[in-house]
Each structure stands twice: as structure tokens, then as C-alpha cells.
Amino acid sequence: MLHSASLSSAIGAPKAERPNVLLRAQDKVSWKRRTALLPVLFSILIALGVVLELRGMDMGKVLAMVPRDAAFWVVFAISYLAGPASEWIIYRRLWQLPVEGFAALLRKLVCNELLLGYLGEAYFYTWARQRSAMTAAPFGAIKDVSILSAMTGNAVTLILLLALWPMLSSTTIGFENRAVLLSLSVVLATSIVAMAFRRRIFSLSRDTLYFITGMHLARIVVATLLSAVLWHMVLPTVPVSWWLLLATLRLLISRLPFIPNKDVVFAGVAVLTLGHETNIAALMTMMASAILLVHLLLGLALVVNDLLRRAVRA
């Protein structure tokens, strides 16, 4: 349909413009053919990531630590889906993203968490490019959404770091001032560079950028609060200050690019930092294992769904 419509518009165009219109239509068809196998490649990569992660997991130990309270898992599900849900709302406004786009955003999340940071953005860009009826130029929107996500996360992390600085600098926590200052410098530098070149970096309108920033801020606040609620449900006697500290630490680690399994990294750092708090260290390990297990199950489900859909089409 796209090819015939493009040819029809080319026939009605002036003679000087017809070759250019035909070339653009042919380029679109050619690009779609070349990238038709990319979703399959991402599915294969996700499947490999699932296999590799499962090999290193002690499933019996993980299942033994899992809470049995249904309320815990309701909050856990809301917390897990907060990211994809906020992005679906954003792209719904930008592209009129259909409901099926939520599955693509879940696959994007799994790619980022199991494989490599920002590989999910590459997948989502490919997915959007193959749906030219939905959006003709997805790169600019995905770029702006990703940059604003990082900048908003940086801002919230800085605020929490400054608010909790007395606790972070105490000798009982185990944080080194030099490490914290270095992290602050990196967070500040990336945000300052983005703001300095915002007119060249961003392609969306100012109102749209404000809307996207607001959605990212809401997502970060909701996810952070829900994480603290989950931790409190397991260890209700632990002071709130510890949960604020861990929430800040988790946000700080989430700002590190190109690192998969950030929750596993966060659990490792939490154990090293709060080793003297054995209950908290065990909780962080359990939460990281639970989140990783959900990533694996979701990734496996997405791969199976891709295989079934292709089998039906064949």
C-alpha cells in the first residue's frame, strides 16, 4: 500500500520532482526489506541473554526468599510497569502509539536490562521505522525522550544526594567522599552539556519537551516511592533514612550508561556498602534476583510470542 500510494503521488507531481519522489518511495521499501530481520535478531539476542542469566542463578535460593504476600506483588508489578507505562503515554501523544506498542516498550526494557544499555532504544527505533503510517521520523522523538529521561534522572539524583549528604559522608555508611564527588561531577557535566546545546540537540517543541520531562519526573518519583514501599513491606522496622539512602544509591547507579542488570549491580554495591546491615543486604539481593527473574520470564515470553506469530504468518 505504501509503495502504490507513493507511486500515485509521484504521477501527479511535476516532471522534475517525479524521479526524487520515486527514489524516496523505493528507498523506504528497500529499507524495510533490509531491516525485516532485525526484530528476529533482537529476539535471538534476548533469548541468549535469558539463557546466560539463568545459568548463573540459584533458582532454589531465589524462590526461597520470595515474599508470599499478594500485596507485595501488586506493588511490585506497578513499580515494574511504571517505566513502560510512562513511555507509552509519551509516545501515545507523539505518534498516537497503539496498544500493541506497549509490548514493543516491554521488549525495549528487556533489551536494556538483559543485554546492553540503550540497545532497547535501537530496537524501538527499528520497530517504529517499520511503521511509517504511525511516524515518518522516529529518531528525533526517541532521542529527545532518552536525553530528557537522563537529564530528569540526573536532577532527581542530585537533589537526593545533596539532601542526604550528611548521612552519605558518615563513616558508618562506607561511602568515600571522593567517589560521591566524582559521581556528582559526572551527573552535573552531562546535564550541563545537554542544556548548553539544547537548541541543537532537541527537535520537539518546547511544550512537548515540558510534557515529556513531567512524565519522566512522575515516573522516577513513583518508582522510587514504590521501591521504598516494597522494602518497608519486607523490613518494616528499618528507619526511613536507610530507604532514602538506598533509593539515592539506586538512582545513582541507574545513571551509569551501557550497564545491563543495573538492579544486580545495585544489590552488589548495597551489600558492600551496608554489609554490617545483614537484613538489608539480604533484602537487596532478593529484590535484584526477583527483578532479574521477571526480566528473564518476560524476555522468554516475548521470544515465544514472536515465534508463534511468525509460525501463524507462515
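The values are calculated or read from the model by the stated rules, or taken from the named source; none is laboratory data. Everything numeric in this text was worked out from a predicted model, so none of it was measured. Using ideal geometry, Cβ is built from the backbone for each residue, glycine included, and neighbour counts are taken over all protein chains shown.
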Practice prompt. Looking at (1) at pLDDT below 75; (2) under 23 Å from the mean Cα position of the chain (by Cα), find the lone condition where Glu277 falls short.
Written response: (2)
Practice prompt. Would you be able to tell me the number of residues in region 181-235 that are assigned to a loop (DSSP other than H, G, I, E, B) and modelled with pLDDT of 85 or more?
Written response: 4
Item to complete: Name the residue, out of Arg129, Arg92, that is charged (D, E, K, R), in contact with a Phe, Trp or Tyr (Cβ under 8 Å, 6 or more places away or on another chain) and at pLDDT 80 or above.
Response: Arg129
Worksheet entry | Candidate set: region 299-313, residues that are loosely packed, with under 12 Cβ neighbours inside 10 Å and not aliphatic (A, V, I, L, M); chosen: the one farthest from Ala103 (Cα to Cα) | Arg313
